[in-house]
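Novice: Sharing a structure with you now.
The values are calculated or read from the model by the stated rules, or taken from the named source; none is laboratory data. If you're wondering where the values come from, they're calculated on a predicted model, not measured in any experiment. Glycine gets a Cβ as well: all are built from the backbone with ideal geometry, and neighbour counts include every protein chain shown. Calculation scope for accessible area: heavy atoms of the full protein, side chains included, ligands and nucleic acids excluded. Shrake-Rupley method; radii C 1.70, N 1.55, O 1.52, S 1.80 Å.
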Amino acid sequence: MDAVRQELAEELGRAVRGLRHGNRSDRCIHDIRARLKHCRALLRLLRKSLGEDAYHRENARLRDAARPLVAVRDAAVLVQALDGLCPRSGGGKAIYRSIRSALRQECRERRGQLRRKALLSSARLAGAVARHMRTLPPSQPAGADSRKP
């Protein structure tokens, strides 16, 4: 479990750096969301050793840290999906360009609405989880008895 906690703390550190950097490009938003999802998966592996209360608290922090990124990522995925479904040549080019233009505008607006303050708030939430993981005592090997003889 120590290795999982260490990996979680390191991954959270990378996510926090990405959030603090403030880059709102589609690629960066995707990478940060993927890191936070990975962190939640690692946290699930630690659920038993953390205890239910701590697990639910830290999971909620990570969920809330990712929440501001959802609208931006969703808008970018819509553009990507449209690009995958509609050919750039052939019939219907005008309607495709019109829809794509509207979706790209929506994506730009959502990215613009993602304020630096929200990114820093997300960084604080993820950082709090990382600090908690680093302050936990090392886990004992399976079958080890902490009582003195």
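Novice: Of the candidates 13, 84, 127, which one comes out as most mobile in a Gaussian network treatment of the chain with C-alpha springs shorter than 10 Å?
Specialist: Maximum fluctuation in the GNM of the chain, among the listed residues, is at 84.
Novice: If one takes the longest principal axis of the Cα atoms in the chain, at what angle in degrees, from 0 to 90 and to the nearest 10, does the Cα axis of helix 70-85 lie?
Specialist: Between helix and principal axis, roughly 50 degrees.
Novice: Related question: Where the centre of each part is set by its Cα atoms, how far does the stretch 102-125 sit from the stretch 4-26, in angstrom?
Specialist: First find each Cα centre; the distance between them is then 17 Å.
Novice: Where Lys and Arg each count +1 and Asp and Glu each count -1, what net charge lies around residue 105 among other residues with Cβ under 14 Å from its Cβ?
Specialist: With Lys, Arg at +1 and Asp, Glu at -1, the neighbours total +4.
Novice: For residue 37 and residue 85, FRET efficiency with R0 = 25 Å and r from the beta-carbon atoms, rounded to 0.05?
Specialist: Efficiency computed from Cβ-Cβ geometry: 0.50.
Novice: Now, a different point. With Cα Rg over 2.2 N^0.38 Å in mind, check [x] 0.99; [y] 1.77; [z] 1.38 and report the label derived from this structure.
Specialist: [z]
Novice: Any idea of the accessible area per residue across the chain, 1.4 Å probe, to the nearest Å²?
Specialist: Accessible area per residue, the chain: 62 Å².
Novice: Quick one: among 120, 50, 36, which has the greatest mean-square fluctuation in a GNM of the chain with alpha-carbon springs under 10 angstrom?
Specialist: Maximum fluctuation in the GNM of the chain, among the listed residues, is at 50.
Novice: Calculate how steeply helix 2-21 sits against the longest principal axis of the alpha-carbon atoms of the chain, using the helix alpha-carbon long axis, and give the answer as 0 to 90 degrees to the nearest 10.
Specialist: 40
Novice: Going 7 Å from the Cα of residue 7 along its beta-carbon direction, which residues of the stretch 47-76 have the amide nitrogen within less than 11 Å of the resulting point?
Specialist: Of the residues in the stretch 47-76, none has backbone N under 11 Å from the label point off residue 7.
Novice: Note down the relative contact order for the chain as a percent, whole number, built from C-alpha pairs under 8 angstrom at least six residues apart.
Specialist: It rounds to 41 percent for the chain.
Novice: Right, something else. Roughly how big is the chain's charge dipole about its Cα centre, with Cβ charges of +1 (Lys, Arg) and -1 (Asp, Glu), in debye to the nearest 20?
Specialist: 520
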